[in-house]
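What follows is a single structure, written as structure tokens, with notes after it.
The numbers here are math on the coordinates, done by the rules we state, and not lab data. If you're wondering where the values come from, they're calculated on a predicted model, not measured in any experiment. Positions of Cβ are generated from backbone atoms using ideal geometry, with glycine treated the same way; all protein chains shown enter the neighbour counts.
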């Protein structure tokens with residue numbers, strides 16, 4: 001089977017996780033993705049924790065898996081962009097590209113001659129895509145943004161996730177906002193490619209961590225944008241419905257209910273957990289009564305669910321037709337039967353180190369091959385091949401190396 005983007009070339013100048021993750025998705029979809037790095041490499045190289053435990057082969061004890069997942073299947077060329085000759089090499093490569101993707105602020109794009117106006121004079125059909133923290137216009141367009149600040153903080157997401165009014169601001173896991181925004185970038189790029197094919201004219205698209213985060217909360221903002229009222233942050237004992245709450249089980253693991261409407265499931269839930277006495281209890285006679293007495297009701301449920309493990313309750317919930325989910329630990333998910341069934345954790349063959357497990361992108365095609373195309377490259381691993389394919393002869397490439405304009409192999 002062919003890959004959807006196998007005839008597409010992407011040139012990316014980016015760093016850290018958000019924009020690189022979009023490039024990884026495009027590479028999985030078959031695009032040739034050329035990552036332009038500084039001579040010292042993407043600054044996030046080597047910053048992740050090494051894997052630990054007996055499950056990891058010794059060859060991979062020092063491998064940078066977090067860098068790998070956002071840069072797998074790419075080619076790397078190391079270029080000193082701050083040198084005129086370095087910018088000239090990028091301009092040469094742009095002429096052969098379909099997509100240019102970066103996370104540079106507009107001032108830096110202009111400094112290096114990477115702004116849309118300049119690049120479209122070189123390649124009129126180019127899709128020029130920019131991912132920033134806060135957008136390319138407005139008072140904070142200059143501000144560097146990371147997912148914890150622009151995505152989770154500025155968008156209101158952290159505040160909305162606090163546990164009750166007194167809850168501390170939570171902390172997200174690495175790159176959640178980056179990867180969400182990367183998917184938004186992929187969508188924008190694919191739409192722009194379609195427009196470029198139809199019109200024959202280049203396109204300029206952008207997204208930002210801030211915008212993507214607000215979109216993830218669109219259900220809240222659909223109301224909040226109208227009334228500007230603070231969101232109600234509810235602790236477990238303040239939830240509106242018991243059928244939409246979460247509970248610890250006897251083994252310390254948690255389960256999550258999500259059943260609407262509450263009235264349709266109330267008696268079924270009580271029967272399932274062995275508390276049919278609660279069905280006729282006047283304190284819990286209907287949804288409003290249950291809300292008024294939610295603190296007491298949660299205490300009843302906590303005490304009852306503490307008598308069995310998560311998996312034991314799960315089997316009973318399934319038999320009763322309840323809608324629930326386990327709050328799984330990250331370490332549990334790779335072994336989850338459902339994850340294995342849909343191929344969430346495929347294998348990559350590293351030419352030097354052997355086979356290892358990675359994470360699949362969240363999309364599958366029935367008649368196209370979409371999969372990881374290989375490991376992440378070393379710094380400048382493909383410099384020689386990329387420059388050769390761009391028309392430079394070996395002596396020219398060596399001159400660039402000697403001058404410190406390019407690096408790598």
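Computed from the C-alpha gyration tensor, the three semi-axes of the ellipsoid equivalent to region 211-276 are 30, 15, 11 Å, from longest to shortest. At q = 0.24, 0.27, 0.29 Å⁻¹ the log10 of I(q)/I(0) for region 349-409 amounts to -0.96, -1.10, -1.19, computed by Debye summation with a single uniform scatterer per C-alpha, solvent ignored. The ranking of 333, 406, 370 from fewest to most other beta carbons within 10 Å of each one's beta carbon is 333, 370, 406. Between residue 398 and residue 142, the distance separating the two model label sites (each 7 Å from Cα on the Cα→Cβ line) works out to 4.7 nm. Counting beta carbons within 10 Å around each of 159, 64, 98 and listing the fewest first gives the order 159, 64, 98. Only Cα pairs under 8 Å and 6+ residues apart enter the sum, and on that basis the relative contact order of region 236-327 stands at 42 percent.
Please compute the contact order of the chain in relative form: average sequence separation of alpha-carbon pairs under 8 Å and at least six residues apart, divided by the residue count, as a percent. Let's see the in-between values first.
On the way: 696 pairs, mean separation 84.6, N = 409.
After rounding, I find 21 percent.
The residues 32, 45, 315, when put in order of fewest to most other Cβ atoms within 10 Å, stand as 315, 45, 32.
Determine one quarter of the surface area of the Cα convex hull of region 236-327, which equals its mean projected area, and express it in nm² to one decimal. Please list the in-between numbers first.
Numbers: hull surface 19.6 nm².
Computing the convex hull of the Cα atoms and averaging its projections yields 4.9 nm².
According to the calculation over all Cα-Cα pairs in region 254-409, the P(r) per 5 Å bin from zero is 1, 7, 11, 12, 9, 8, 7, 8, 7, 6, 5, 4, 4, 4, 4, 2, 1, 0 %.
Rounded to the nearest 5, the antiparallel percentage of DSSP beta bridges internal to the chain is 35%. For the chain, place one equal point scatterer on every Cα, skip the solvent, and apply the Debye formula. What is log10 of I(q)/I(0) at q = 0.06, 0.10, 0.14 Å⁻¹? Debye output, listed in q order: -0.33, -0.81, -1.27.
The helix-based estimate of mean residue ellipticity at 222 nm for the chain, built from -39,500 (n - 2.57) per DSSP H run of four or more residues and divided by its residue count, is -10500 deg cm²/dmol to the nearest 500. Between residue 62 and residue 352, the distance separating the two model label sites (each 7 Å from Cα on the Cα→Cβ line) works out to 1.0 nm. Distance between the modelled labels on residue 306 and residue 229, one decimal in nanometres: 3.6 nm (7 Å Cα→Cβ projection).
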